[in-house]
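Undergrad: I'd like to ask you about the structure that follows.
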Amino acid sequence: MSEFISKMYNIEVGDLLRSVNFEAYERPEGVIWPSEATADLGIVTVGSCRRSLYYRFTGVKPTNPLSLRVKYVCDSGKMYEQMFVDKYRKSGMLLETQCKIEFSPPSYPNIKISGKMDILIQDNGVKTGIEVKSISGFKADEIFGSNKSIPLPTPNNLMQAMMYKHQCMVKGNGIKDIYLLYINRNNGYFCYFKIDIDPEGYPIISVIGPEGELLQVIETAKYPTLRELSLTSEEKDPNSARISSLRINIDSIYQKFDEIFQARKAKTLPPKDYKLLYTIEDAKTLYHCGLMTARKFKMIQKGTKTDGDDACSMCQYQKKCLEDTGINLK
Ligand code: SF4
């Protein structure tokens, strides 16, 4: 009965396993994808966890493998990307898709950043790279903003775009601008963020509306760091914490890549970048810099709620990491 469904299921599971094996065994040493960027913001880490990357690069089998459901969400992202490829092709502006970007950061010749920018277009002689992201649910609400919050990209996507922009600046490959394009799977809304880097290496984010209108320019270096925010006790505007979480220096991204490279070479397990369970002190710091609501903080303080970083709850190596840390979660 319904053999074609089980056949399809097995094909999909096979694809999933092959992609895990490729990541573990076939990727050349020193090669890192821009989507794996990580940065330490003093109070929190944003992006990938160095420990989970270490497990992946040293061939540790995921103890909490991705489900087919998650694979389908990723696959649907490719569908939206194709939708915009078709639109840009029809407009006559499309130059290339999956445009290969490969480079070693000037101060770290041992590592190679290798990525594929989704769309390269040319308009009025200007070449522009576009990275397409599709999102839904509360993440989409955060990115698109509301009457209380401003639209902002996620740190992971921002770091990826920053590296593409930096490569264009350093190598002079003829690509002038880099944009992140988000599409909301819930309702079809879309918006663009143009990503630039200031002379000190911090991102400048231009928020662009769907008709191409410039809505806001955010020079992240002009905002306080998360540490500075955490030192004052007044109630924080959530927008300040969100912008401070994007105050990421390009060199600090490369430095983290090098740390992963060195850890892999020396076969030394890197520290955990995220927390499976917040202590009251962690919650207090997050609350003071505006990354945790007062309600959640009070519940953790009273012991009526436990919480930790989302990165850990979604991590493919959670069980392995717990074992290696000697933590036994009840
Ligand atoms: S469980 Fe958390 S700390 Fe451990 S490897 Fe995964 S993301 Fe990193």
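Read the figures in this text as sums done on the coordinates, not as results from a lab. All figures in this text were calculated on a predicted structure; none of them were measured in a lab. Virtual Cβ from ideal backbone geometry, glycine too; neighbours counted across all protein chains shown.
Undergrad: Give Lys7/Lys272; Lys116/Lys296; Lys133/Lys256; Lys87/Lys112; Lys100/Lys320 a once-over and call out the pairs whose C-alpha atoms are over 28 Å from each other. Please report the intermediate quantities before stating the final value.
TA: Details: Lys7/Lys272 39 Å; Lys116/Lys296 39 Å; Lys133/Lys256 24 Å; Lys87/Lys112 32 Å; Lys100/Lys320 34 Å.
From the list (Lys7/Lys272; Lys116/Lys296; Lys133/Lys256; Lys87/Lys112; Lys100/Lys320), the Cα-Cα distance tops 28 Å for Lys7/Lys272; Lys116/Lys296; Lys87/Lys112; Lys100/Lys320.
Undergrad: Hey, another quick one. Principal axis lengths of the stretch 146-246 from Cα atoms, whole Å, largest first?
TA: Ordered largest first, the stretch 146-246 gives principal extents of 47, 37, 21 Å.
Undergrad: What range in the chain is the longest one free of GluC sites (Glu not before Pro) that are in a loop by DSSP and have at most 14 other Cβ atoms within 10 angstrom? Kindly include the intermediate steps, with their values, before the conclusion.
TA: On the way: sites that count: Glu29, Glu200, Glu211, Glu213, Glu234, Glu235.
So the longest stretch without any such site is 30-199.
Undergrad: Calculate the translational D of the chain in whole µm² s⁻¹ from Stokes-Einstein, where the hydrodynamic radius comes from the Kirkwood formula applied to all Cα pairs, the temperature is 10 °C and the viscosity 1.306 mPa s. Walk me through the numbers on the way to the answer.
TA: Working: Rh = 21.4 Å.
Value of D from the Cα-based Kirkwood radius: 74 µm²/s.
Undergrad: Identify which of Val170, Val207, Val60 has the largest mean-square fluctuation in a Gaussian network model of the chain, with springs joining Cα atoms closer than 10 Å.
TA: Val170
Undergrad: Which listed residue (Met162, Gln216, Leu152) has the Cα farthest towards the positive end of the charge dipole for the stretch 123-245, taking +1 on Lys and Arg C-beta and -1 on Asp and Glu C-beta about the Cα centre?
TA: Of the options given, the answer is Met162.
Undergrad: Related question: Under unit Cβ charges (Lys, Arg +1; Asp, Glu -1), what dipole magnitude, rounded to 20 debye, does the stretch 118-163 have relative to its Cα centre?
TA: It works out to roughly 80 debye.
Undergrad: Still on this structure: Give me the distance between the Cα centres of the stretch 147-184 and the stretch 5-76, rounded to whole Å.
TA: Going from one Cα centre to the other spans 22 Å.
Undergrad: Using only the alpha-carbon atoms, what does the stretch 24-148 span along each of its principal axes? Please give whole angstrom values in decreasing order.
TA: So the extents along the principal axes, rounded to whole Å, are 45, 39, 33.
Undergrad: Between Ala266 and Leu68, what length in nm is gained on full extension when 0.36 nm per residue of separation is reduced by their alpha carbon distance?
TA: Taking Ala266 through Leu68 to full extension adds about 67.9 nm, to one decimal.
Undergrad: Return the percentage of antiparallel bridges among DSSP beta bridges fully within the chain, rounded to the nearest 5 %. Mind showing how you got there, number by number?
TA: Details: 32 of 43 bridges.
Of the beta bridges lying entirely in the chain, close to 75 percent run antiparallel.
Undergrad: What spacing in nm lies between the two simple spin-label points modelled at Ser19 and Asp310, each 7 Å away from Cα in the Cβ direction?
TA: Going by the 7 Å Cα→Cβ label model, 1.9 nm.
Undergrad: Residues in the stretch 297-330, backbone N under 12 Å from the label point at Lys284 (7 Å along the Cα-to-beta-carbon vector): list them, ranges by number please.
TA: Zone members listed by number: 301.
Undergrad: So which of Lys139/Lys265; Lys298/Lys319; Lys139/Lys176; Lys61/Lys275; Lys139/Lys194; Lys78/Lys165 end up more than 26 Å apart, counting from Cα to Cα?
TA: Pairs exceeding the cut-off: Lys139/Lys265; Lys298/Lys319; Lys139/Lys176.
Undergrad: Taking +1 at the Cβ of each Lys and Arg and -1 at the Cβ of each Asp and Glu, which of Leu17, Leu291, Gly188 sits farthest along the dipole of the chain towards its positive end, judged by Cα position relative to the Cα centre?
TA: Leu17
Undergrad: Ok, one more. Quick check on the stretch 87-201: take the gyration tensor over C-alpha atoms, sort the square-rooted eigenvalues as a ≥ b ≥ c, and tell me if it's rounded (a/c under 1.5), prolate or oblate. It would help to have the intermediate numbers written out before the result.
TA: Details: a/c = 2.02, a/b = 1.34, b/c = 1.50.
Oblate, since a/c reaches 1.5 and b/c is not below a/b.
Undergrad: Still on this structure: Where a ≥ b ≥ c are the square roots of the eigenvalues of the C-alpha gyration tensor, would you call the stretch 217-330 rounded, which needs a/c under 1.5, or, failing that, prolate if a/b is larger than b/c, or oblate?
TA: Details: a/c = 2.71, a/b = 1.14, b/c = 2.38.
Oblate, since a/c reaches 1.5 and b/c is not below a/b.
Undergrad: What size of dipole, in debye to the nearest 20, comes out for the chain about its Cα centre when the only charges are +1 on Lys and Arg C-beta atoms and -1 on Asp and Glu C-beta atoms?
TA: 800
Undergrad: Could you tell me the center-to-center distance, by alpha carbons, between the stretch 287-330 and the stretch 100-128 in angstrom?
TA: 36
Undergrad: Oh, and also: So how do Lys116, Lys275, Lys148, Lys133 line up by other beta-carbon neighbours within 10 Å, fewest first?
TA: Sorted ascending by nearby Cβ count, the order is Lys148, Lys116, Lys275, Lys133.
Undergrad: Let me know the charge dipole size of the stretch 213-330 about its Cα centre in debye, to the nearest 20, where only the beta-carbon of Lys, Arg (+1) and Asp, Glu (-1) is charged. Can you show the working numbers first?
TA: Details: 20 positive and 17 negative charges, 108 e Å.
The calculated dipole for the stretch 213-330 is roughly 520 debye.
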